[in-house]
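Below you'll find the structure, written out as structure tokens, and then a few comments.
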Ligand SMILES: NC(=O)c1ccc[n+]([C@@H]2O[C@H](COP(=O)([O-])OP(=O)(O)OC[C@H]3O[C@@H](n4cnc5c(N)ncnc54)[C@H](OP(=O)(O)O)[C@@H]3O)[C@@H](O)[C@H]2O)c1
């Protein structure tokens, strides 16, 4: 158990309400929250019962640990306004939960002597109590100065999470990796369900689930070596047939299928599992459906 902080949260969004509830469950008193929309008020009532809603500057004044859980693009302005108004104070811990931002965005808080931390849960939040369970084992991407590292680690431990340290200059790349994996996966799965639905399959989600569970497990364990399917087998006619029928039935899905096929092709060759000469045949098919992109030198030299 780390030191018990008087916690304030600006605002009571999907992440703010859940993290504050998690810290409260670990013994930290949550003294105030900010949030004006109906959604934020509802989340605060459900996840932080009894916690008063105040304006942001009042929340900041009352808090020993201030969580800034506002949209990424709002964060610079929120920090500046709080610092300019004198609502932040020396020794106070100020943490945000943005993946993209590091400590630089908290410079106005650091300038008044606050102890700043970037504390990003690598998780997708619904803003309901369901998320509380997901904090256990969730990885937090942390950036902090040497003097704040123990505080940050203590907070993550209180939330039941695990720590990964992210250098300040790598925050954006770290966040891009998470977004590419998790957000684009949602698009990919939704498109896959659409194709199965168009094919008349009764239960697209139930049909995909065992396959996708296995593919995800294998990919996380083995990376590119987990790849199966027509591209790595060099089944050029199957890829051509896919594209013909996707074009006819779900043309919106063609660009992402082609983009992912190019990337898959490249990685299968680089991995040494697909001969460049066979990759060239598939590249010929893909080229008919979009701009030809540059393949790795191994494919080009075939
Ligand atoms: N959602 C996720 O899965 C997730 C995961 C990891 C990290 N994050 C990060 O967590 C942060 C919050 O994301 P979120 O998804 O929780 O956002 P959200 O659900 O949209 O909630 C944003 C909160 O900030 C408040 N707010 C907006 N603009 C404000 C301003 N100018 N001043 C004061 N409060 C303001 C909102 O209040 P009103 O409702 O009254 O407008 C709301 O309570 C972001 O940095 C995001 O990158 C999100």
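Kindly establish whether residue 56 is assigned by TED's automatic domain parsing to the domain that holds residue 127 and surrounded by fewer than 16 Cβ atoms within 10 Å (Cβ to Cβ).
The answer is no for residue 56.
Please go through segment 89-102 and give me each residue that is part of a loop (DSSP other than H, G, I, E, B) and more than 14 Å from the ligand (Cβ to nearest atom), ordered by number.
Matches in segment 89-102: 89, 90, 91, 92.
Which residue out of 112, 31, 51, 116 is under 24 Å from the mean Cα position of the chain (by Cα), more than 8 Å from the ligand (Cβ to nearest atom) and at pLDDT 95 or above?
Checking each option against the conditions leaves just 116.
Go through (1) within 14 Å of the ligand (Cβ to nearest atom); (2) buried (at least 20 other Cβ atoms within 10 Å of the Cβ); (3) in a helix (DSSP H, G or I) one by one and return the number of the condition residue 172 breaks.
(2)
Within segment 122-158, track down each residue that is within 13 Å of the ligand (Cβ to nearest atom) and part of a loop (DSSP other than H, G, I, E, B).
Matches in segment 122-158: 122, 123, 124, 125, 126, 127, 128, 135, 138.
Go through (1) in a loop (DSSP other than H, G, I, E, B); (2) more than 9 Å from the ligand (Cβ to nearest atom); (3) surrounded by fewer than 20 Cβ atoms within 10 Å (Cβ to Cβ) and name the single condition residue 45 misses.
Failing condition for residue 45: (1).
Which residues, taken from segment 1-27, are more than 10 Å from the ligand (Cβ to nearest atom), within 19 Å of residue 94 (Cα to Cα) and within 26 Å of the chain's Cα centre (by Cα)?
The answer is 7, 8, 20, 21, 22, 23, 24, 26.
Has segment 90-101 got at least one residue that is out of contact with any helix residue (DSSP H, G or I) (no Cβ under 8 Å at 6 or more places or on another chain), farther than 24 Å from residue 158 by Cβ and surrounded by fewer than 20 Cβ atoms within 10 Å (Cβ to Cβ)?
Scanning segment 90-101 turns up no residue that is out of contact with any helix residue (DSSP H, G or I) (no Cβ under 8 Å at 6 or more places or on another chain), farther than 24 Å from residue 158 by Cβ and surrounded by fewer than 20 Cβ atoms within 10 Å (Cβ to Cβ).
The values are calculated or read from the model by the stated rules, or taken from the named source; none is laboratory data. Since the structure is predicted, the reported quantities are computational estimates derived from the model, not experimental observations. Here the Cβ is made from the backbone with ideal geometry for all residues, glycine too, and neighbour counts use every protein chain on show.
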